[in-house]
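Undergrad: A single structure is presented below for examination.
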Amino acid sequence: MLTKIVTAFLLFTVSISTFSLESLPNSYKKLSSTKQVIDHWVILGSVERIIGSVEPESDARLSGELSNWLWKIPTGHDVKSSFSFVQGQMSESVVTLYECTGRICGLSNDYANQVFSQSILTGRNSEQKYWVGFEPDKNTLWLVYGSERSNQRVYLYAEKLVLTDKQASKLSHLVDSGEMKAFLDDGYQVIKTLEEVPARLSSSEIEGVKRILKDYPTQKFALVVHRYSEIENQRLIDQTQKEAQSLLNQVAEQGGFIQYLYAHGAGAMLPRGQQGSRIELVELKPR
């Protein structure tokens, strides 16, 4: 019995320790650690100095398992390229809670010394970038900060904070705002990927659609069903049109205001990158 417990513990430990963000090739890793934290300070808005203290527009105090990394970036790379490399390792489901670039963020010295306690991150205020994202399905908060010093040396810092459900709930309003901003910027939102036939929406997915319809009562939207299969395309379009209409009926049956909500079956038309069969909510913008 003891052997089984020890084995399980070792497997669990290895599963945690094997995960690691990586920076650009030839970066020098100055820090990499994992620990439990309580009341960890996360900045969610630009910071300013008020009577000598750092005051962010918005912040949160969170507890959980914190992993962090600090790299010195190879000569010839700027903050933007190194930032993109690290962010590219994160899931597409991550919702941006806050981001800023340059002087809008505040003083680089404050982020370096007061927020992250890493003085080496102090750089030019005009050459800094900060981003916080949340991965809802894993209750994981991601944070990346990059700065360029006067000698053009670039440093990049990142955090991964795994939260409990109770801690994650503190961010729910920011997640909703972040999803809405991304939706309005992109003009569409993938509600769910599809495997089952016919397509159906869960109660929570319907509530999400209803919330958008309520917040934007005069804006036109469409529920669009995309499917990719060997079926002849016109038949696929007809099938997805029926499915989309069924989804519209679902929203109406649960009290959704559907005056400006339409159903559209796209079949295998209108591909979007490498995305597969899915349901989208699309903003219908006037031409």
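Every number in this text was worked out from the coordinates using simple rules, so none of it is lab data. Model, not experiment: these values are computed from the prediction. Cβ sites come from the backbone with ideal geometry, for glycine too, and all protein chains shown count toward neighbours.
Undergrad: How much of the DSSP beta bridge set in segment 187-283 is antiparallel, as a percent to the nearest 5?
TA: Just about 65 percent of them are antiparallel.
Undergrad: In the Gaussian network model of the chain, springs joining C-alpha atoms below 10 Å, which of VAL197, VAL37, VAL79 carries the largest mean-square fluctuation?
TA: Ranking VAL197, VAL37, VAL79 by mean-square fluctuation puts VAL197 first.
Undergrad: Treat every Asp and Glu Cβ in the chain as -1 and every Lys and Arg Cβ as +1, leave all other atoms uncharged, and give the resulting dipole magnitude about the Cα centre to the nearest 20 debye.
TA: Dipole magnitude for the chain comes out near 520 debye.
Undergrad: Can you grab the distance from the C-alpha centre of segment 172-247 to the C-alpha centre of segment 52-92, Å, no decimals?
TA: Their Cα centres are 32 Å away from one another.
Undergrad: Consider just the alpha-carbon atoms of the chain and return their Rg together with their Dmax, both in angstrom.
TA: Over the chain's Cα set, Rg and Dmax evaluate to 22.7, 69 Å.
Undergrad: Another question, then. Projecting each Cα onto the charge dipole of the chain (Lys/Arg +1, Asp/Glu -1 at the beta carbon, about the Cα centre), which of ALA199, ILE73, SER229 comes out farthest on the positive side?
TA: About the Cα centre, the residue reaching furthest to the positive side is ILE73.
Undergrad: Using θ = phi - 60° and the Karplus relation 6.51 cos²θ - 1.76 cosθ + 1.60, list the HN-Hα couplings for segment 216-226 in order, rounded to whole Hz, with x at every Gly or Pro.
TA: 10, x, 9, 8, 8, 9, 9, 8, 10, 9, 10
Undergrad: Here's a follow-up. Aspartates and glutamates within cross-link reach of LYS285: Cα-Cα under 13 Å, excluding same-chain residues under 8 positions apart?
TA: Hits, sequence-local ones excluded: ASP185, ASP186.
Undergrad: Along the charge dipole of segment 18-171, pointing to its positive end and built from +1/-1 on Cβ of Lys, Arg, Asp and Glu, which listed residue (ILE104, VAL37, SER82) has its Cα farthest out?
TA: SER82
Undergrad: Please name which of ILE258, ILE279, GLN219 has its Cα lying farthest along the dipole of segment 187-283 towards the positive end, using unit charges on Cβ (Lys, Arg +1; Asp, Glu -1) and the Cα centre as origin.
TA: Of ILE258, ILE279, GLN219, it is GLN219.
Undergrad: Excluding residues on the same chain fewer than 8 positions from LYS170, give the lysines whose Cα lies under 20 Å from its Cα.
TA: Reachable lysines: LYS138, LYS160, LYS181.
Undergrad: Could you tell me what percent of the DSSP beta bridges with both partners in the chain are antiparallel, to the nearest 5?
TA: Rounded to the nearest five, the antiparallel share is 90 percent.
Undergrad: OK, next. If you line up the Cα atoms of segment 133-274 on their principal axes, what length do they span on each, largest first, in Å?
TA: Taking the Cα atoms of segment 133-274, the three principal extents are 61, 35, 30 Å.
Undergrad: Could you order peptides 212-225, 266-279 by the average number of other Cβ atoms within 10 Å of their residues, highest first?
TA: So the order, starting with the most tightly packed, is 212-225, 266-279.
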